[in-house]
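All remarks here apply to the structure that follows.
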Amino acid sequence: MPATSDDQPRIDEILATLPHGQGSLNEKMGIELVEVTRERVVATMPVEGNTQPYGLLHGGASVVLAETLGSIGSAVHAYPDRIAVGVDINATHHRSATSGLVTGTATPVHLGRTSTCWEVVITDERGKRVCTSRITCSLLPADRLG
């Protein structure tokens, strides 16, 4: 279980409120949460199994990791009155990764009442930046999905 700060609900409590947990895509991608706090969300993802035809980490895999981290951070911020839904994401791919794990670290740019924005930096095992992403989530009333 990832680390959490004492002044917030545990991530497993928040995920338990979701009809599909973390979602099957995160499981297929091998994404593992490492840390979840109000200030940052960190997870790892293997390169193996998430590559494009040239054996490089697929850019879409990096975006999946970034959206996961920004969405979880937004959900923690919004809990329990609101739910987070992604409305915009972009990514700049700086270098390739061909093996090992990549680590994504999300930090908030804006934490508002109706929206959030997170910067996500993805690095390889040497600490070299592979991708920089920004995700914006809209925060909707929790009863919207009921």
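For segment 40-66, how many residues are in a loop (DSSP other than H, G, I, E, B), in contact with a strand residue (DSSP E or B) (Cβ under 9 Å, 6 or more places away or on another chain) and among the hydroxyl-bearing types (Ser, Thr, Tyr)?
Total meeting the criteria: 0.
Considering only segment 121-130, I want to know if a residue exists there that is assigned to a strand (DSSP E or B), over 14 Å from residue 50 (Cβ atoms), touching a residue at least 12 places away in the same chain (Cβ under 8 Å) and within 14 Å of the chain's Cα centre (by Cα).
yes
Taking only segment 84-101 into account, find how many residues are surrounded by 22 or more Cβ atoms within 10 Å (Cβ to Cβ) and in a strand (DSSP E or B).
1
Would you check if there is a residue in segment 67-79 being touching a residue at least 24 places away in the same chain (Cβ under 8 Å), surrounded by 13 or more Cβ atoms within 10 Å (Cβ to Cβ), out of contact with any strand residue (DSSP E or B) (no Cβ under 8 Å at 6 or more places or on another chain) and in a loop (DSSP other than H, G, I, E, B)?
yes
How many residues does segment 110-120 hold that are within 21 Å of residue 80 (Cα to Cα) and either touching a Phe, Trp or Tyr at 6+ places or on another chain (Cβ under 9 Å) or in a strand (DSSP E or B) (or both)?
Result for segment 110-120: 6.
Pairs only if they're at least six apart or on different chains, beta carbon under 7 angstrom, first in segment 22-47 and under 21 Å from residue 60 (Cα atoms) and at pLDDT 95 or above, second surrounded by fewer than 16 Cβ atoms within 10 Å (Cβ to Cβ) and among the polar types (S, T, N, Q); list them, first residue then second.
47/98; 47/99
Any idea which of (1) modelled with pLDDT of 95 or more; (2) charged (D, E, K, R); (3) surrounded by fewer than 17 Cβ atoms within 10 Å (Cβ to Cβ) is the one residue 124 doesn't satisfy?
That leaves (3) as the condition not met.
The values are calculated or read from the model by the stated rules, or taken from the named source; none is laboratory data. The shown structure was predicted, so the numbers you read here are calculated from the model rather than taken from an experiment. Here Cβ is always computed from backbone atoms with ideal geometry, including for glycine, and neighbour counts include all displayed protein chains.
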